[in-house]
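The values are calculated or read from the model by the stated rules, or taken from the named source; none is laboratory data. What you see is a predicted model, and the numbers here were worked out from it, not measured in a lab. We place every Cβ from the backbone using ideal geometry, glycine too, and count neighbours over all the protein chains shown. Ligands, DNA and RNA are excluded from the accessible area calculation, which covers all protein heavy atoms including side chains. Shrake-Rupley method; radii C 1.70, N 1.55, O 1.52, S 1.80 Å.
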Amino acid sequence: MSIPTSSPVARLRGAFRSLGVLCALGTGLVLAVTVQGAVHGPRWLLFLGLPLSALTLAAYGRIAEDMGENAAAAPLRSDGPRAFAPAVVNRVRAVDRASGRTVTDGRSVNSAFAFDLTVVADGLPPYRVEVRHPLDLQGLLHRSRAVVEYDPEQPWRVVVPQNPPRAWLARAEMLTPPRGEVERAGRGGPAGLRALVAGAAVAAVLLVAVAVLG
């Protein structure tokens, strides 16, 4: 599911990619220092690199967790096209409105319901989105199917209507869950994975350069 380069989301991701280059260079330097200290010395490089490597990996893990928990669908555009589609309810959880982290008290004024849905729209491959709302729309806490309203031009814009047409509710009840892996709208691999892999490549290049230059 691609996102047009003119959208604000795409521009934001472009900034993240630029930042990712810096992250990859920093990660590569840290890994190279650690390996160099462990294999050839001096040992102070190892003692410096080990905690830095641990902090770097922990940071990547935290970023991936936060991105996963804060991946809410964008709202519909006021002037954009709209269409209905059936969806599979994968999970419903209570989250903090500000951070998006899972909470235990779903009745708190600071919490909302997060609906993890697989949208099966006409003319599009099935895709997963998370829609948040303070109310249990369509009673999804106790249902396995839903009806969503989405933007056909920007499918990552999805909402759960309170009272969808009955015909679409009947269609949703007959929906068969799609088989195989279903990608999230506009998403690739885990957040930070490319930067981490690129960092490992940078570290390899640095270590080879050090070995060649002596």
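The figures follow:
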quantity	calculated
Accessible area in square angstrom per residue, region 76-140, 1.4 angstrom probe	48
Size of electric dipole in region 81-174: Cβ of Lys, Arg +1 and of Asp, Glu -1, about Cα centre, debye, nearest 20	180
Taking the C-alpha atoms of region 81-214, convex hull volume expressed per residue in Å³	169
Region 94-162: radius of gyration over Cα atoms, expressed as a fraction of 2.2 N^0.38 Å	1.16
Inter-part distance where region 133-164 and region 108-130 are each reduced to a Cα centre, Å	7
Relative contact order (percent, whole number), region 130-174, Cα cutoff 8 Å, 6+ residue spacing	38
Sequence-separation-based contact order of region 87-149, relative, with Cα cut under 8 Å and 6+ spacing, percent	36
